[in-house]
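To keep things clear, I will list the structure first and then write my remarks on it.
The values are calculated or read from the model by the stated rules, or taken from the named source; none is laboratory data. This is a predicted model, so every value here is computed, not measured. Positions of Cβ are generated from backbone atoms using ideal geometry, with glycine treated the same way; all protein chains shown enter the neighbour counts.
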Amino acid sequence: MRCIIHEGTTIKITIQENGPYLVTGNVPLVSKTQIVTEFGEPIAWEKTADIPAGGEYELCRCGHSDDMPFCDGSHRSADWDGAETADTGAMTERSETLTGGKQIVVHHDGSLCCGSGFCGTRLANIQRMLGQAQPDDTNVRSQIIAMVERCPSGSYTYSIEGSNKDIEPDLPAQIAVTTEITSHGPIEGPLWVTGNIQIERADGQPLETRNRVTLCRCGVSTIKPLCDGAHRGSD
C-alpha cells in the first residue's frame, strides 16, 4: 500500500537509508516519454500525464514496488543494495572541456551519464561535431545546444565563449517518471529531477544541487542514488 505522508513545505528529496526517496514540498510528479526517430534516435521528450501524489510522497528506489513509481515497502524484503556511492562534489571538479568553435564551449562529466541517448544520432554526435570544428556554423551550433539541453542527467552543459557560466534550459521544479524507447521496446527510465531541487543522502550529506539530475529507480545502478544507465541492460 502506498504511503502518502503529511504535506510539507520544504522542496527537497531526502533518501531514506536502504529505502525510498522522500519528496517534500508539493513537487509536481509527471510522466514523460522519449520521442524517437524512425531510426530509434531520441530527439525530444513528451509529457504524457500528471501523476497525483500529494504534498509529500515516497518514490521507489529498489525497483521492486508493485505500486510504481511509489514505494510500497518492498525494499524491506527485496534483494538489493541501497548503498549511496555517487560523488557529492561539484560537477566542475570532474568535467572535461570540449572545445571546437569560437562561440560555444561544451563541458562533459561522463560520470553523470545515464545512457539516454540524446547526445547523438546516426549521423552526428556532440563530440564529433566539436572535433570537426564546425560549431562556428549556426545550424551546427544550434544542433549541439539542442542535444545538450535535452540530456536529462546534465552530463553535458555549455557556455558561450568568454563566459564562465553554464547556460541551462529553463526547467520547472518537477520530477518526471521517464519511459525510454529502445530497440526492444519501451522500458522504465530513471526519475528525472529538474529545477534545482535539493537532494540529500541518508547520512545528511547533500548532493550538488543541479538543474538536471537523473535518479536510479531500478535498484541496480553502481552510482546510487544517480542513474548510470544500468536499467538499459545490454541495449
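For A78, are the conditions met, namely being assigned to a loop (DSSP other than H, G, I, E, B), in contact with a Cys (Cβ under 7 Å, 6 or more places away or on another chain) and not aromatic (F, W, Y)? Yes. Taking the criterion of being out of contact with any helix residue (DSSP H, G or I) (no Cβ under 8 Å at 6 or more places or on another chain), buried (at least 19 other Cβ atoms within 10 Å of the Cβ) and touching a residue at least 60 places away in the same chain (Cβ under 8 Å), the only residue of the range 46-62 that qualifies is L59. In a residue-by-residue description of the range 19-36, the property of being touching a His at 6+ places or on another chain (Cβ under 8 Å), at pLDDT 95 or above and in a strand (DSSP E or B) applies to no position.
The combined condition, being more than 24 Å from D81 (Cβ to Cβ), modelled with pLDDT of 95 or more and touching an Asp or Glu at 6+ places or on another chain (Cβ under 8 Å), is fulfilled by N211. Set side by side, the residues S155, S159 differ, and just one is over 13 Å from the mean Cα position of the chain (by Cα), of a type in the set (S, T, N, Q), within 16 Å of H108 (Cα to Cα) and surrounded by 15 or more Cβ atoms within 10 Å (Cβ to Cβ), which is S159.
Would you mind stating whether E58 is acidic (D, E), touching a strand residue (DSSP E or B) at 6+ places or on another chain (Cβ under 7 Å) and outside any loop (DSSP other than H, G, I, E, B)? Yes: the conditions hold for E58.
Residue check: C218 meets all listed conditions (1) outside any loop (DSSP other than H, G, I, E, B); (2) of a type in the set (A, V, I, L, M, F, W, C); (3) more than 16 Å from T33 (Cβ to Cβ) but one, namely (1).
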